[in-house]
Amino acid sequence: MWWRLFSLLACFPLQEAFLTNHTETVTVEEGQALTLKCVASQGKPTSLQWLAPSGFTIFFNKHPALKNPKYQLLHHSAHQLSIRVLNVSQQDEGVYKCLHYSSNVRTEEVKVIVLATPSTPILEASVTRMQNGKEHVTLKCSTMRSKPPPQITWILGNDIELSGETRNEFETDGKTCNSSSTLRVHTYSKNSAADCIIRHAGLQGRKLVVPFRFEDLVTDRETASDAPERRSPSSAIPQQPTSTVVVVEDSNTTEVDKEEKDQTTQDPDLTTEANLQYVGVIRRKNGILLLTLVSFLIFILFIIVQLFIMKLRKAHVIWKRENEISEHTLESYKSRSNNEETSSQEKNGQTFHSKRYVNYITQLYSEAKSKKKEDARSSKLKGEPTHIPESIV
């Protein structure tokens with residue numbers, strides 16, 4: 001009966017209608033063992049079940065459902081089910097589920113990520129000789145079957161770490177890839193050196209180093225001067241990073257290669273395209289710094305102009321206020337002057353009329369006095385008494 005139940009569970013994957021209560025992520029290296037532990041809450045006894053990423057049952061309680069020796073039972077109790085997956089491969093990557101069967105069904109998910117560490121790297125050097133006598137050395141460092149793609153850099157003799165031209169090609173499974181990095185050297189000397197550095201999460205902080213000494217290249221070229229193409233490993237130690245030298249003569253030299261000028265870095269004996277890229281990065285950084293400085297100066301100038309405008313506006317307001325006060329004072333002065341002039345004119349008019357009146361009275365008085373005198377003279381001649389009014393006298 002149990003066997004029929006296990007077969008039924010193995011042939012028909014369970015539906016996804018269960019409630020997921022917990023999810024975690026586990027990273028494991030390819031070839032290592034994976035331990036999966038499922039713990040139920042304390043309480044009523046429950047049944048536990050582990051499902052593979054494909055959806056098929058691995059264990060139901062302590063009973064295996066798949067006849068696969070890579071799955072082992074570590075521990076089983078009423079509240080715990082622990083299993084182990086041996087020799088993990090890329091096919092074992094995915095989401096594992098643990099089902100708790102009690103009054104309701106609960107699900108715990110474990111996302112397993114399988115890392116594939118890069119293989120032993122190989123370094124190759126090819127020499128291209130042109131018609132104008134110049135030579136280029138191309139260094140290629142490659143590694144196979146890694147997941148995720150590794151980080152490949154180069155360290156030159158002057159301790160500068162650079163990135164070459166990296167290329168990743170995924171395999172048919174779509175998970176692992178083959179990676180390579182190419183570095184082109186324009187000039188070098190016998191004492192120059194270049195190391196290929198490979199870093200990967202599966203190496204756990206370690207790194208793979210492939211050294212290359214141009215002294216080996218010079219020696220190999222001297223021994224292979226008559227051969228158009230020859231390969232010689234720089235190290236014969238098995239399971240160790242190796243480097244290979246390839247000497248190639250190229251007669252189809254382009255005009256660009258003929259006119260190309262040698263460039264140098266801090267190490268005058270070794271110049272690469274990556275060095276030139278490094279110099280370009282430095283120049284871009286300097287350009288960004290210069291642009292930032294210019295922007296800051298423009299901002300400061302803008303603030304100064306704003307302060308000057310504010311000060312100019314304040315001075316204009318003060319001048320306008322003083323001008324209004326001056327105009328008001330001038331109008332007051334003009335009004336007072338007009339009033340004083342009008343008063344003076346009125347006084348002058350009154351004085352003029354008074355003088356005319358006095359003159360008129362005086363004239364009348366003189367005429368009356370003259371007439372009285374004439375009347376008195378006439379009366380005297382006629383023998384009449386002379387009477388002169390007191391008012392006239």
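The values are calculated or read from the model by the stated rules, or taken from the named source; none is laboratory data. Keep in mind the model is a prediction, meaning the values are calculated, not measured. Cβ: placed from backbone, ideal geometry, glycine included. Neighbour counts: every protein chain shown. Remember, those area values only see protein heavy atoms, side chains included, never the ligands or the DNA or RNA. Shrake-Rupley method; radii C 1.70, N 1.55, O 1.52, S 1.80 Å.
So the check is Cβ under 6 Å with 6+ separation or different chains; which pairs have a first residue in the range 135-149 that's on the phi > 0 side of the Ramachandran plot and a second one that's of a type in the set (Ser, Thr, Tyr) and open to solvent by less than 10 Å² (accessible area, probe 1.4 Å)?
Between residues of the range 135-149 that are on the phi > 0 side of the Ramachandran plot and residues that are of a type in the set (Ser, Thr, Tyr) and open to solvent by less than 10 Å² (accessible area, probe 1.4 Å), the close pairs are Arg145/Thr176.
Scan the range 95-108 and tell me whether some residue there is open to solvent by less than 10 Å² (accessible area, probe 1.4 Å), in a loop (DSSP other than H, G, I, E, B) and at pLDDT 90 or above.
no
Can you go through Leu73, Leu66, Leu86 and tell me which one is out of contact with any Ser or Thr (no Cβ under 9 Å at 6 or more places or on another chain) and open to solvent by 50 Å² or more (accessible area, probe 1.4 Å)?
Leu86
From His76, His100, grab the single residue that is in contact (Cβ under 8 Å) with a residue 60 or more places away in the chain and not charged (D, E, K, R).
From the options His76, His100, the qualifying one is His100.
In the range 180-194, which residues are more than 30 Å from Thr27 (Cα to Cα), open to solvent by 10 Å² or more (accessible area, probe 1.4 Å) and assigned to a strand (DSSP E or B)?
If the condition is that a residue be more than 30 Å from Thr27 (Cα to Cα), open to solvent by 10 Å² or more (accessible area, probe 1.4 Å) and assigned to a strand (DSSP E or B), then Thr182, Arg184, His186, Thr187, Ala193 are the ones that fit.
Starting from residues that are out of contact with any strand residue (DSSP E or B) (no Cβ under 8 Å at 6 or more places or on another chain) and open to solvent by less than 60 Å² (accessible area, probe 1.4 Å), keep the ones in the range 135-166 and report whichever is farthest from Asp92 (Cα to Cα).
Residue satisfying both the conditions and the ranking: Asn158.
Just to be sure I understand, how many residues within the range 130-157 are part of a loop (DSSP other than H, G, I, E, B) and within 16 Å of Leu183 (Cα to Cα)?
Number of matching residues: 1.
Within the range 167-176, identify whether any single residue is more than 22 Å from Gln91 (Cβ to Cβ), of a type outside the set (Phe, Trp, Tyr) and under 30 Å from the mean Cα position of the chain (by Cα), and answer yes or no.
Taking every residue of the range 167-176 in turn, at least one turns out to be more than 22 Å from Gln91 (Cβ to Cβ), of a type outside the set (Phe, Trp, Tyr) and under 30 Å from the mean Cα position of the chain (by Cα).
Quick check on this structure: which one of Thr35, Thr120 is closer than 28 Å to Arg199 by Cβ, outside any strand (DSSP E or B) and of a type outside the set (Asp, Glu)?
The conditions single out Thr120.
For the structure I just gave you, tell me whether Glu169 is without any contact (Cβ under 8 Å) to a residue 24 or more places away in the chain and assigned to a strand (DSSP E or B).
Yes; evaluated as a whole, the condition is true for this residue.
So Lys111 fits all but one of (1) open to solvent by less than 10 Å² (accessible area, probe 1.4 Å); (2) under 38 Å from the mean Cα position of the chain (by Cα); what number is the exception?
The single condition Lys111 does not satisfy is (1).
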